[in-house]
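Peer 1: The structure is given below, and queries will be raised subsequently.
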Amino acid sequence: MLGGISIWQLLIVLGIIILIFGTKKLRNVGGDLGGAVKGFKKAMNDEDKSEDGDKPQAQVRHDDEGETYDVRAERKTEEQEERK
């Protein structure tokens, strides 16, 4: 099964873990893990939505003395324009 571990060995390990930590602590850990996964999924969905929307371009102020901005302008292809 899992590298030679039988179901009975897994049940014994699970029983020892329950005896050590208790069911309440394991339930809290499971809830925390589930909340973390939900938060991660929500953040990924929010990021996807924000990429699809029209965002204003970043503005660069030129009144900051002593700072140099090195940029290169490129023309968008028709394929990139059609995505919007």
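The values are calculated or read from the model by the stated rules, or taken from the named source; none is laboratory data. Every value quoted in this text rests on a predicted model; they were computed, and no experiment measured them. A quick note on method: Cβ atoms are made from the backbone with ideal geometry, for glycine too, and the neighbour counts reach across all protein chains shown. Each accessible area value is taken on the protein alone, full model and side chains, heavy atoms only, with ligands, DNA and RNA left out. Shrake-Rupley method; radii C 1.70, N 1.55, O 1.52, S 1.80 Å.
Peer 1: Would you mind getting me the FRET efficiency between residue 38 and residue 6? Use the beta-carbon distance for r and R0 = 30 Å, nearest 0.05.
Peer 2: Once rounded, the FRET efficiency stands at 0.35.
Peer 1: Suppose accessible area is computed on protein heavy atoms with a 1.4 Å probe; arrange 75, 27 from highest to lowest.
Peer 2: 75, 27
Peer 1: Ok, one more. Need one number: nm distance between label points at residue 47 and residue 28, each 7 Å from Cα along Cα→Cβ, rounded to one decimal.
Peer 2: Label at residue 47, label at residue 28, 3.0 nm between them.
Peer 1: Let me ask another. In whole Hz and in residue order, list the ³J(HN,Hα) couplings for region 6-15 that follow from phi through the Karplus curve 6.51 cos²θ - 1.76 cosθ + 1.60, θ = phi - 60°; x for Gly and Pro.
Peer 2: So the J values, rounded to whole Hz, are 8, 5, 5, 5, 5, 5, 5, 4, 4, x.
Peer 1: Which ³J(HN,Hα) values, rounded to whole Hz and listed in residue order, are derived for region 25-33 from phi using the Karplus coefficients 6.51, -1.76 and 1.60 in 6.51 cos²θ - 1.76 cosθ + 1.60 with θ = phi - 60°, glycine and proline given as x?
Peer 2: Values per residue, Gly and Pro as x: 5, 5, 5, 5, 5, x, x, 5, 5 Hz.
Peer 1: Let me check something: with ligands and nucleic acids excluded, how do 11, 26, 33, 19 order by accessible area (1.4 Å probe), largest to smallest?
Peer 2: Largest to smallest exposure gives the sequence 19, 33, 11, 26.
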